[in-house]
Amino acid sequence: MPVLEQLAAAGSEPDGLLPAREQMAFSLGWHIVLASFGVAFPAMIFVVHRRGLVRGDPTALGLARRWGKVAAVLFAIGAVSGTVLSFEMGLLWPGLMGRFGDVLGLPFAFEGLSFFVEAIFIGIYLYGWDRMPPRRHLLMLVPMIAAGVFGTYCVISVNAWMNMPTGFRIVDGQVTDVDPWAVLLSSGAVLQFAHMWVGAFMLVGFVVAAVYAAGMLRGRRDSHHRLGFTVPFVFASVAAVLQPVLGHVLGMRLGETQPSKLAAFELATTTEQPAPLRMGGVLIDGEPRAYVEIPKWGSFIARGSFDKPVRGLDTFPAADRPPVNITHLAFQSMVGIGTLLAVAVVIFWVARWRGRDLLEQRWALLAVVVAGPLAVVALESGWVATEVGRQPWTVFGYLRTTEAAGSNGWLWLVLAVTLVVYTAMTVGAVVVLRSMTRRWRAGEEDLPSPYGPQLADAVGSDADAADAADAARSHPSGSDGGGAWRS
């Protein structure tokens, strides 16, 4: 595009576009980590809690009790950031919600209901320790898990719809024949949700395992740390192996649904058949530079065949091309880190199968500590690739981002306030969690909490004694909670 045309295009952008982009990127990137914990962490708590009941394992029950309190803190912070995001959709993107609000209303409504269900049952789960029969208390996690999964599906379905619009027609410039169920039930929503759902377990599993690996590096190699490491690491291992497969299946649709994004992913400036795989590299003056090329593998990864073409960027008008370098590097970061983590967990479990415990090796524990932040980077990179690669469209093929944004220049002030609020929440969460861990290490298991009255003196403060008392009351025949669960 000539320089004069670029300047003209820049001058036509609404005043609210840049602050809206900056705020949406920051708040969504921040919230997605907490949302992942809302999806995956309750399932991990369920596993350790059930193990405690089935095996009569006080270490597992103590771990479930601690993780439940951590989940509550993260849920409270995530509730604030999620509420901010819900307001941002209308505030930052009036062109989107004003035109397509009828299409997107149902998924957002279901997501709100899911949030309330999750909030209710996390409160019941926290309150239920030492107050409910063990099996019933365990089952309080099931609605939490279901609500987290369904709420996330609803949000992902909206994003999938933005990439592959469906459920409406445009007649004389107006949105008509709206079918909001088509947004929820599209095949694109199912595949994109599966990718995100597995990615959430990958992130949370590696992050939680990294915390316990760091503790083991400091010499805390007791059963509490080993179990706290093993459960999330198993989840992360399964997710890490599945994720490349799901990503490949999802990516093969791009050739038909979003070919411009695929061209940016592959750094394809011209149509090639077969297309090579370019590892690394950037676009400089319209030409790919500093990359490693593997013949034919670009076609296989993008199209599932070694001889299918990948359309080049030159086949799209300049105004319809995404920011190539950001999209390409984000995509390659996601794929590269995901592949590295998948290979690492395979090596770990093969060594375990052959009788070698890598947890006794300092380098292996250090690798797990690094894997936690890497999993976060991989998830964030995936979202950058998805969202930036869709540009310049908000609703692909129907609504440009310049049309979705408003003309309010004062959104810069809103962005500044958001940065202050999120920084305060981050500091608060770190302070609270560090305080909790210090007191747990000091032996204070029953930390004061605002969600219920103090236990009666007869029950005592020891978590194991309380669990035993609950089991005895629930099973007067003399069997413990684990035996009742097995029956």
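Structure notes:
- Residue check, Arg390 among the basic types (Lys, Arg) and in contact (Cβ under 8 Å) with a residue 24 or more places away in the chain: yes
- When Ser435, Ser381 are checked against the criterion of being of a type in the set (S, T, N, Q), in a helix (DSSP H, G or I), at pLDDT 90 or above and out of contact with any His (no Cβ under 7 Å at 6 or more places or on another chain), a single residue qualifies: Ser381.
- Among the residues of segment 337-378, those identified as small (Gly, Ala, Ser) and open to solvent by less than 40 Å² (accessible area, probe 1.4 Å) are Gly338, Ala342, Ala351, Ala364, Ala371, Gly372, Ala375, Ala378.
- Odd one out for Leu358 among (1) modelled with pLDDT under 90; (2) within 16 Å of the chain's Cα centre (by Cα): (2)
- Residue match in segment 255-262 (condition: of a type in the set (Val, Ile, Thr), open to solvent by 10 Å² or more (accessible area, probe 1.4 Å) and within 20 Å of Thr315 (Cβ to Cβ)): yes
- Search result, residues across segment 29-61 that are open to solvent by less than 50 Å² (accessible area, probe 1.4 Å) and within 21 Å of Tyr422 (Cβ to Cβ): Gly29, His31, Ile32, Val33, Leu34, Ala35, Ser36, Phe37, Gly38, Val39, Phe41
Conditions tested, residue by residue: (1) at pLDDT 85 or above; (2) of a type outside the set (D, E, K, R); (3) surrounded by fewer than 16 Cβ atoms within 10 Å (Cβ to Cβ).
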{"position": "Arg400", "(1), (2), (3)": "yes, no, no"}
{"position": "Gly409", "(1), (2), (3)": "no, yes, yes"}
{"position": "Leu413", "(1), (2), (3)": "yes, yes, yes"}
{"position": "Val417", "(1), (2), (3)": "yes, yes, yes"}
{"position": "Ala424", "(1), (2), (3)": "yes, yes, yes"}
{"position": "Ala429", "(1), (2), (3)": "yes, yes, no"}
{"position": "Arg441", "(1), (2), (3)": "no, no, yes"}
{"position": "Leu447", "(1), (2), (3)": "no, yes, yes"}
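- Scanning segment 334-352 finds no residues that are under 16 Å from the mean Cα position of the chain (by Cα) and either hydroxyl-bearing (Ser, Thr, Tyr) or farther than 18 Å from Ala236 by Cβ (or both).
- In segment 282-303, the residues that are touching a residue at least 24 places away in the same chain (Cβ under 8 Å), surrounded by fewer than 18 Cβ atoms within 10 Å (Cβ to Cβ) and in contact with an Asp or Glu (Cβ under 9 Å, 6 or more places away or on another chain): none
- Condition met for Phe116 (surrounded by 22 or more Cβ atoms within 10 Å (Cβ to Cβ) and under 23 Å from the mean Cα position of the chain (by Cα)): no
- Taken residue by residue, segment 240-254 has at least one member that is β-branched (Val, Ile, Thr) and crowded, with 17+ Cβ neighbours inside 10 Å.
- For segment 165-181, the criterion of being of a type in the set (S, T, N, Q) and touching a residue at least 40 places away in the same chain (Cβ under 8 Å) is met by no residue.
- Ala64 among the small types (Gly, Ala, Ser), under 22 Å from Ala146 (Cβ atoms), over 19 Å from the mean Cα position of the chain (by Cα) and at pLDDT 85 or above: yes
- Test result for Phe121, assigned to a helix (DSSP H, G or I) and either open to solvent by less than 60 Å² (accessible area, probe 1.4 Å) or in contact with a Gly (Cβ under 6 Å, 6 or more places away or on another chain) (or both): yes
- Hey, Arg135 assigned to a helix (DSSP H, G or I), of a type in the set (D, E, K, R), over 21 Å from Thr401 (Cα atoms) and in contact (Cβ under 8 Å) with a residue 12 or more places away in the chain or not: yes
- Scanning segment 124-151 for residues that are under 13 Å from Val39 (Cβ atoms) and surrounded by fewer than 22 Cβ atoms within 10 Å (Cβ to Cβ) returns Ile145, Ala146, Val149, Phe150.
The values are calculated or read from the model by the stated rules, or taken from the named source; none is laboratory data. All values reported here derive from a predicted model rather than from experimental measurement. Cβ: placed from backbone, ideal geometry, glycine included. Neighbour counts: every protein chain shown. All accessible areas refer to the heavy atoms of the entire protein, side chains included, with ligands and DNA or RNA removed. Shrake-Rupley method; radii C 1.70, N 1.55, O 1.52, S 1.80 Å.
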